[in-house]
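Okay, so here's the structure we're looking at.
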Amino acid sequence: MSAAFPVRLCIALFALAAGTAQAFEYAGLDRQVDPALLRQTFPYSHHEFWVRGSGSVVLPDEEPEEFEALLGEGNGRYVVRLAPDDTRAEVTSVSLTLDAGKVQRMTLGFEREGQGIRPDAIEKRFPPCRNVLDALVARYGEPSVFYTRLEDNLEHRLRTWIAPEGVMRLDCGRFTGRKPIFAMDLEFEGSSVEALPAPKPKPKPAPRPERKK
């Protein structure tokens with residue numbers, strides 16, 4: 001049994017017990033969003049569809065019919081890069097992972113335009129983690145799970161909220177040896193309960209032989 005299984009099991013039990021859970025959303029966006037309506041929601045933004053397995057990118061202004069068909073039944077990633085007039089609650093991009101037109105995952109990005117690869121330059125392109133975290137905690141309470149992961153010199157500080165309707169995960173970053181903690185993205189996906197394998201039935205005990213009278 002892997003070390004991750006007990007945590008996964010606890011998440012599932014928590015979700016099953018959360019009778020007052022509500023669907024997660026941020027800045028008026030949730031995983032139930034209709035992809036076809038995002039162009040109306042963000043009319044000044046850049047829209048593109050990355051077709052899975054082909055490497056091609058379809059733009060609505062160049063191939064409008066194909067673009068609309070992909071939103072209805074396509075497989076891939078629909079990305080909206082928000083224009084300044086469309087930005088809300090510090091969200092600068094919306095990414096939807098679609099399977100046959102159904103939204104499996106939604107990711108809200110917080111990175112703003114900027115230059116430089118030094119840690120201090122990168123930190124300025126993101127809002128403070130506390131800005132996003134406080135808003136989520138005020139609405140949904142403390143996260144169910146918190147853990148960190150180190151990649152190169154960037155520490156990912158991941159907080160996860162779980163409900164029967166789905167999972168919400170906030171990824172905040174901090175460079176090694178530095179204090180600023182900044183919000184990178186917020187992800188919504190289906191409930192982990194659905195992803196767990198069905199429990200195997202317990203074997204029935206063998207019948208005891210009857211004593212002869």
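The values are calculated or read from the model by the stated rules, or taken from the named source; none is laboratory data. On a predicted model such as this, the values are computed, not experimentally measured, just so you know. All Cβ positions, even for glycine, are placed from backbone atoms using ideal geometry, and neighbour counts span all protein chains on display. Ligands, DNA and RNA are stripped out before the accessible areas are found, and what is left, the full protein with its side chains, is counted by its heavy atoms. Shrake-Rupley method; radii C 1.70, N 1.55, O 1.52, S 1.80 Å.
Does any residue of region 188-199 turn out to be of a type outside the set (Gly, Ala, Ser), at pLDDT 95 or above and more than 16 Å from the chain's Cα centre (by Cα)?
No, the conditions are met nowhere in region 188-199.
Within region 151-188, can you find the residues that are surrounded by fewer than 19 Cβ atoms within 10 Å (Cβ to Cβ) and of a type in the set (Phe, Trp, Tyr)?
Phe175
Out of (1) under 22 Å from Lys102 (Cβ atoms); (2) at pLDDT 95 or above, what's the single condition that is false for Arg81?
All conditions are met except number (1).
Could you go through region 65-85 and let me know if any residue there is open to solvent by 70 Å² or more (accessible area, probe 1.4 Å), under 27 Å from Leu136 (Cβ atoms) and touching a Pro at 6+ places or on another chain (Cβ under 9 Å).
Within region 65-85, one or more residues are open to solvent by 70 Å² or more (accessible area, probe 1.4 Å), under 27 Å from Leu136 (Cβ atoms) and touching a Pro at 6+ places or on another chain (Cβ under 9 Å).
If a residue has to be touching a strand residue (DSSP E or B) at 6+ places or on another chain (Cβ under 9 Å) and in contact (Cβ under 8 Å) with a residue 24 or more places away in the chain to count, how many in region 26-40 make the cut?
Of the residues in region 26-40, 10 are touching a strand residue (DSSP E or B) at 6+ places or on another chain (Cβ under 9 Å) and in contact (Cβ under 8 Å) with a residue 24 or more places away in the chain.
Would you check if Thr148 is open to solvent by 60 Å² or more (accessible area, probe 1.4 Å) and of a type in the set (Val, Ile, Thr)?
yes
For region 45-55, give me the residue count where each residue is at pLDDT below 95 and either assigned to a strand (DSSP E or B) or of a type in the set (S, T, N, Q) (or both).
Matching residues across region 45-55 total 1.
Taking the condition of a type outside the set (D, E, K, R), open to solvent by 20 Å² or more (accessible area, probe 1.4 Å) and at pLDDT 95 or above, does Ile117 pass?
For Ile117, the condition - of a type outside the set (D, E, K, R), open to solvent by 20 Å² or more (accessible area, probe 1.4 Å) and at pLDDT 95 or above - is not met.
Considering (1) outside any helix (DSSP H, G or I); (2) modelled with pLDDT under 90; (3) surrounded by 13 or more Cβ atoms within 10 Å (Cβ to Cβ), say which one Arg31 fails and leave the rest.
Going through the list (1) outside any helix (DSSP H, G or I); (2) modelled with pLDDT under 90; (3) surrounded by 13 or more Cβ atoms within 10 Å (Cβ to Cβ), Arg31 breaks only (2).
Is it the case that region 95-112 has a residue that's out of contact with any helix residue (DSSP H, G or I) (no Cβ under 9 Å at 6 or more places or on another chain), over 19 Å from Ala183 (Cβ atoms) and buried (at least 18 other Cβ atoms within 10 Å of the Cβ)?
Yes, that holds for at least one residue.
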